[in-house]
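What follows is a set of notes on a single structure, which appears directly below.
The values are calculated or read from the model by the stated rules, or taken from the named source; none is laboratory data. The structure presented is a predicted model; accordingly, all values stated were derived computationally and were not measured. Cβ sites come from the backbone with ideal geometry, for glycine too, and all protein chains shown count toward neighbours.
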Amino acid sequence: MSVTIELPPESQARLEAEAGRRGMTVAQLVAALVDDLPGGGPSVEPTPLSFIGVGRSGRHDLAARHREIRTEQTAGRPAREV
């Protein structure tokens, strides 16, 4: 497939310089950049709340004391005021 794009001279120069730096043609660089665009790979729907457990707080008592700890951290203010 062939695609023609019009770029400002500065953008074209940057594209050519980057292709040269990487040791590839401009066409190869553009193809690689397009492959890196979001949605280029297989569609995978994120698992709801998949972020849970990705961080470490350093505390081991969160499950048992979550209400008390939240009160300590927010000076007892309701969540809507934090």
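Within region 19-28, the set of residues being in contact with a helix residue (DSSP H, G or I) (Cβ under 6 Å, 6 or more places away or on another chain) and of a type outside the set (Val, Ile, Thr) comprises 19 only.
Looking at the chain, the helices (runs of 4 or more DSSP H) lying wholly inside it that each contain 2 or more residues that are at pLDDT 90 or above sit at 9-22, 26-35.
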